[in-house]
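J.: Next up is a structure, given as structure tokens.
The values are calculated or read from the model by the stated rules, or taken from the named source; none is laboratory data. Bear in mind that the values here come from a model prediction, so they are computed numbers and not experimental data. Backbone-built Cβ (ideal geometry, glycine too); neighbour counts: all protein chains shown. All accessible areas refer to the heavy atoms of the entire protein, side chains included, with ligands and DNA or RNA removed. Shrake-Rupley method; radii C 1.70, N 1.55, O 1.52, S 1.80 Å.
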Amino acid sequence: MKKIFAFILALVFAFNLHADDHEGMWLPMFVKRLNYADMQKHGLKLTPEELYSVNNSSLKDAIVMLDGGSCTAEIISDQGLMLTNHHCGYGEIQSHSSVEHDYLTDGFWAKNRSEELANPGKTASFLVRMDDVTERILGKVNDEMSEDERNAAISAEIKTIVGEATEGTYFNASVKDFFEGNEYYLFVYETYRDVRLVGAPPSSVGKYGGDTDNWMWPRHTGDFSIFRVYTGPDGKPADYSENNVPLKPKHHLPVAMDGLKNGDFTMIFGYPGSTDRYLTSYGVKQALDLEQPTIIKIRDLKLKIMKENMDKSDAVRIQYASKYAQVANYWKYYIGQSSGLKRLKVYDKKKAIENDFQKWANANAERKAKYGDALNMIEEAYKATDNTVVGNTYLLEAGLLGSDVVLFSFRFKRNMDAYFKAESDLEALEKEMKKQEGDELKASEEKKAALESRMEKIIAGVKASADDHFKNYNYATDKQLYAATLNMYYNNVPADQQPEFFRYVEKKFKGDFDKYTEKVYDKSFMVTREAFDEFLEDPKQKTMDKDLAIIAANDLINMWFGRGSAHADTDAKLEKGNRLFVAGLRKMNPDKKYYPNANSTMRVTYGVVGDYQAADAVSYNYYTTMEGVMQKEDPNNDEFIVPEKLSQLYEAKDYGQYADEDGTLHVCFISNNDITGGNSGSPVINGRGELVGLAFDGNWEAMSGDIAFEPELQRTISVDIRYVLFIVDKYAGATHLIDEMDLVWHKDDEPVTEETEATEEVEEASAQ
Ligand code: ARG
């Protein structure tokens, strides 16, 4: 009886671990106040100061914002070694690849420091500190101001605050708004600019499962790549130089070798990009009915064309690999999000919250005056944009991003406009100089030199961006994309929302975009490197302004910038409505802990490792193993090829110290942490502050999670750190990297806790 009682108790205890709601991306600065007790309850052993401290080194000092927030990374040695996802290093791996050195296919491993590859433009930022500046900023505004006046006052104060935070330092800083404009925080960063590629597994490990498995569990992907951060000899950020030295970090994460069990505590530090958890039912409806189907339809088309061309040529496959992956990632995301929003009835859930809110707001006169109109404002704003949202989606997805020539042309024109302006200033100046002498002439000569150097700089910049562009550009592929995306745009958007040059296509080509495209790719100097270089030998404003690709790009970009001013009052309404709605919600539930939407600032989410019930009769285990990698193998499908060497290690069960206690090699695991895009590459950290995994994805059943967290279903997918090390060591033989890290085991020093006592009792009971 007693034993059975213990058994039931243990079950209840276990159930509690899973049923606990781990929603929330919290600001590290407030963890002590808001979350610490709960984190401790779930297994955190560190002090709040060990997590986040401004004065002493703390966990936050090992966390890296990559490239201004596109991904997260972490420092794992005292020599600046940095770990992130394979899909976060994909652009770099791709850019160093060629048909001869195909690092995408074969992987890359620097055997020593001198082989590590530089990546100009790549940055690694560390958070120095964050400060609450809400009072300073909101002190500059009042309720009588229009939204425009309000925004201007806020921008001005932000500029002052950022200036103060960075003056006389090498720091950079930004102020971001939280809770839809109800709070403001300052973030100060130290940003390093010499970030070198150290190692990457082949895509058949790093991207195993490809787009088929993307956004899904169970997963078998070794989604990691390794970089190193370098500093100038003085330890400060510096551009790439041979004289640079590896970063001496304030903190680096030790690596836990014991693995995780169901219910174990996990926390994830990182830079989640954006969530929309306060989105209203009106926003959900617009996204579902109008925006998402449009994005999916356009991306279907782009992906099909890219894929066809990539399959035909290795060179094109390498050139388009990164672009393709980017388009495909959020194509599948929107498919999953659309179906999740419907299946999980997110619209209805939002409506219920809004009904409560309205009742609360209407309950007294003061509240009604302040919040009573918030939802109306939001509803009106969505109504007003319902008939332009599809057009704007086409403008972005099929117009500006439809083919590569468009953005390239727009950027080129913007730079060359500056060049031609300098050129005409120079001509005017030279005329003046003929009449000048003495000091006046001397001053003009200086001006002349400045203008000339400006022109030279512009040309050098334009050439560098052309190098980047043409490196990953294929004429036939781009031409096909140009014709198809613009044609789709033309046929799906009302004429009054189309760019100017569509009228020209109607007049000259009877609306035949194939014929029009023939002409563009025949005549424009933007579509081949040869023609482009020839133009630059003697650039003429006239030639540029009548180039068909430039005209199209210019129309599109003008529409893009014009679209805001057409809706200025609608935008203002939406902004104000949202601000009041969120402020009201927090007033309405004063005891509920609210967390702000993700906005590319450092957050921590904590939770536990845990399996889940994906659907009726479908339940998923919390980890995958090497067995599963082999089960998915399909030599005829490039997404499921298992490299020879990996099969051999599997056959020999040569897992070394990376095997789990149970003898298998764990590959990925899931936990109920709350993450989103931008968290990719984030460290999964155990209660002792040690690295146990690398977050890289979310699961299909909860794809609507960015709009509404699903406590029962939502999981973070991570690669087990032991699989990462196994690939580095056993597969790649890069043992020198393992030697740099601090591996830690606790198997033998585990203290006996109540929980394990309970488990022992259960085991005893079930043995009887
Ligand atoms: N869905 C993941 C994310 O957005 C990216 C996974 C990359 N892998 C892939 N097969 N495309 O973080």
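J.: Is there a residue being surrounded by 13 or more Cβ atoms within 10 Å (Cβ to Cβ) and aliphatic (A, V, I, L, M) anywhere in the stretch 566-577?
T.: Among the residues of the stretch 566-577, at least one is surrounded by 13 or more Cβ atoms within 10 Å (Cβ to Cβ) and aliphatic (A, V, I, L, M), which makes the answer yes.
J.: I'd like to check which helices (runs of 4 or more DSSP H) are fully inside the stretch 43-106 and have at least 2 residues that are more than 16 Å from the ligand (Cβ to nearest atom).
T.: Filter on the stretch 43-106 gives 48-51, 103-106.
J.: If you don't mind, another one. In the stretch 643-665, how many are on the phi < 0 side of the Ramachandran plot and either open to solvent by 10 Å² or more (accessible area, probe 1.4 Å) or within 16 Å of the ligand (Cβ to nearest atom) (or both)?
T.: Here the count works out to 16.
J.: Return the residues of the stretch 220-239 that are crowded, with 16+ Cβ neighbours inside 10 Å and part of a loop (DSSP other than H, G, I, E, B); say none if nothing qualifies.
T.: First, the residues of the stretch 220-239 that are crowded, with 16+ Cβ neighbours inside 10 Å: 220-232, 237-238.
Hits for the stretch 220-239 are HIS220, THR221, GLY222, ASP223, PHE224, GLY232, PRO237, ALA238.
J.: Next question, about the same structure. Limited to the stretch 301-314, what total is found for residues that are away from the ligand (no atom under 16 Å from the Cβ), of a type outside the set (A, V, I, L, M, F, W, C) and in contact with a helix residue (DSSP H, G or I) (Cβ under 7 Å, 6 or more places away or on another chain)?
T.: 1
J.: Out of the residues in the stretch 315-363 meeting the condition of being under 17 Å from PHE709 (Cβ atoms) and of a type in the set (A, V, I, L, M, F, W, C), tell me which one is farthest from the ligand (Cβ to nearest atom).
T.: Result: ALA352.
J.: I'd like the full set of residues that are open to solvent by 70 Å² or more (accessible area, probe 1.4 Å) and in contact with a Phe, Trp or Tyr (Cβ under 9 Å, 6 or more places away or on another chain), limited to the stretch 318-342.
T.: Passing the criteria: only GLN326.
J.: Does GLU397 satisfy the condition of being away from the ligand (no atom under 16 Å from the Cβ) and surrounded by fewer than 20 Cβ atoms within 10 Å (Cβ to Cβ)?
T.: Values: away from the ligand (no atom under 16 Å from the Cβ): yes; surrounded by fewer than 20 Cβ atoms within 10 Å (Cβ to Cβ): no.
When the stated conditions are applied, GLU397 does not pass them.
J.: Return the total of residues in the stretch 400-412 being open to solvent by 30 Å² or more (accessible area, probe 1.4 Å) and in contact (Cβ under 8 Å) with a residue 12 or more places away in the chain.
T.: Of the residues in the stretch 400-412, the ones open to solvent by 30 Å² or more (accessible area, probe 1.4 Å) are 401, 404, 407, 410-411.
Imposing the further condition that a residue be in contact (Cβ under 8 Å) with a residue 12 or more places away in the chain reduces the set to 404, 407, 410-411.
Summing the residues that are open to solvent by 30 Å² or more (accessible area, probe 1.4 Å) and in contact (Cβ under 8 Å) with a residue 12 or more places away in the chain in the stretch 400-412 gives 4.
J.: Residues in the stretch 590-620 that are part of a strand (DSSP E or B), open to solvent by 10 Å² or more (accessible area, probe 1.4 Å) and under 28 Å from GLY69 (Cβ atoms): how many?
T.: Total meeting the criteria: 1.
J.: Being over 19 Å from the mean Cα position of the chain (by Cα), assigned to a helix (DSSP H, G or I) and among the hydrophobic types (A, V, I, L, M, F, W, C) is true for just one of VAL205, VAL198. Which residue is that?
T.: Selected residue: VAL205, the only one of VAL205, VAL198 that is over 19 Å from the mean Cα position of the chain (by Cα), assigned to a helix (DSSP H, G or I) and among the hydrophobic types (A, V, I, L, M, F, W, C).
J.: Do we find that SER155 is assigned to a helix (DSSP H, G or I), crowded, with 21+ Cβ neighbours inside 10 Å and not β-branched (Val, Ile, Thr) in this structure? Give the derivation first.
T.: Details: assigned to a helix (DSSP H, G or I): yes; crowded, with 21+ Cβ neighbours inside 10 Å: no; not β-branched (Val, Ile, Thr): yes.
No, not satisfied.
J.: Can TYR184 be described as buried (at least 22 other Cβ atoms within 10 Å of the Cβ), more than 30 Å from ALA110 (Cβ to Cβ) and more than 16 Å from the ligand (Cβ to nearest atom)?
T.: On the way: buried (at least 22 other Cβ atoms within 10 Å of the Cβ): yes; more than 30 Å from ALA110 (Cβ to Cβ): yes; more than 16 Å from the ligand (Cβ to nearest atom): yes.
Yes: the conditions hold for TYR184.
J.: Only one of (1) free of Cβ contacts under 8 Å to residues at least 24 places away in the same chain; (2) buried (at least 16 other Cβ atoms within 10 Å of the Cβ) is not met by LYS345, so which one is it?
T.: (2)
J.: For the stretch 161-181, name all the residues that are surrounded by 14 or more Cβ atoms within 10 Å (Cβ to Cβ) and more than 23 Å from ASN597 (Cα to Cα).
T.: Kept after step one, since they are surrounded by 14 or more Cβ atoms within 10 Å (Cβ to Cβ), are these residues of the stretch 161-181: 161-162, 165-166, 171-181.
Matches in the stretch 161-181: ALA165, THR166, PHE171.
J.: Of all the residues that make up the stretch 670-695, how many are open to solvent by less than 10 Å² (accessible area, probe 1.4 Å) and within 16 Å of the ligand (Cβ to nearest atom)?
T.: Total satisfying the criteria: 13.
J.: Considering the stretch 224-240 alone, what residues qualify as being in contact with a Pro (Cβ under 9 Å, 6 or more places away or on another chain) and of a type outside the set (Lys, Arg)?
T.: PHE224, SER225, VAL229, TYR230, THR231, ASP239, TYR240
J.: While we're on this one: For the stretch 712-731, check the following and say yes or no: at least one residue is assigned to a loop (DSSP other than H, G, I, E, B), within 16 Å of the ligand (Cβ to nearest atom) and of a type in the set (A, V, I, L, M).
T.: no
J.: Related question: For the stretch 526-546, which residues satisfy the criterion of being open to solvent by less than 20 Å² (accessible area, probe 1.4 Å) and without any contact (Cβ under 8 Å) to a residue 60 or more places away in the chain?
T.: PHE535
J.: Identify all residues within the stretch 29-42 that are open to solvent by less than 10 Å² (accessible area, probe 1.4 Å) and in a helix (DSSP H, G or I); write none if there are none.
T.: Once the filter is applied, which keeps residues that are open to solvent by less than 10 Å² (accessible area, probe 1.4 Å) and in a helix (DSSP H, G or I), the stretch 29-42 yields VAL31, MET39.
J.: Going residue by residue through the stretch 651-669, is there one that turns out to be within 22 Å of THR605 (Cβ to Cβ), hydroxyl-bearing (Ser, Thr, Tyr) and at pLDDT 95 or above?
T.: no
J.: Here's something else I'd like to know. Could you please let me know if SER704 is within 16 Å of the ligand (Cβ to nearest atom), open to solvent by less than 10 Å² (accessible area, probe 1.4 Å), not in a strand (DSSP E or B) and not hydrophobic (A, V, I, L, M, F, W, C)?
T.: Yes: the conditions hold for SER704.
J.: Then there is this: May I ask you to say which residue of MET145, MET216 is under 21 Å from the mean Cα position of the chain (by Cα), of a type in the set (A, V, I, L, M, F, W, C), more than 22 Å from ASP239 (Cα to Cα) and outside any strand (DSSP E or B)?
T.: Details: MET145 fails: under 21 Å from the mean Cα position of the chain (by Cα).
Testing whether each residue is under 21 Å from the mean Cα position of the chain (by Cα), of a type in the set (A, V, I, L, M, F, W, C), more than 22 Å from ASP239 (Cα to Cα) and outside any strand (DSSP E or B) leaves just MET216.
J.: For the stretch 213-235, which positions are under 21 Å from ASN329 (Cβ atoms) and of a type outside the set (Phe, Trp, Tyr)?
T.: Taking the stretch 213-235 as the starting set, the residues that turn out to be under 21 Å from ASN329 (Cβ atoms) are 213-225, 227.
Within the stretch 213-235, ASP213, ASN214, MET216, PRO218, ARG219, HIS220, THR221, GLY222, ASP223, SER225 qualify.
J.: If a residue has to be within 12 Å of the ligand (Cβ to nearest atom), small (Gly, Ala, Ser) and open to solvent by less than 20 Å² (accessible area, probe 1.4 Å) to count, how many in the stretch 198-215 make the cut?
T.: Residues flagged as within 12 Å of the ligand (Cβ to nearest atom), small (Gly, Ala, Ser) and open to solvent by less than 20 Å² (accessible area, probe 1.4 Å) within the stretch 198-215 amount to 3.
J.: OK, next. Of the conditions (1) away from the ligand (no atom under 16 Å from the Cβ); (2) within 25 Å of the chain's Cα centre (by Cα); (3) crowded, with 23+ Cβ neighbours inside 10 Å, LEU260 clears all except one; give me its number.
T.: Just one mismatch for LEU260, condition (2).
J.: Could you list, in sequence order, all residues of the stretch 76-120 that are within 19 Å of the chain's Cα centre (by Cα), closer than 17 Å to THR231 by Cβ and either surrounded by fewer than 22 Cβ atoms within 10 Å (Cβ to Cβ) or of a type in the set (Val, Ile, Thr) (or both)?
T.: Once the filter is applied, which keeps residues that are within 19 Å of the chain's Cα centre (by Cα), closer than 17 Å to THR231 by Cβ and either surrounded by fewer than 22 Cβ atoms within 10 Å (Cβ to Cβ) or of a type in the set (Val, Ile, Thr) (or both), the stretch 76-120 yields only ASN119.
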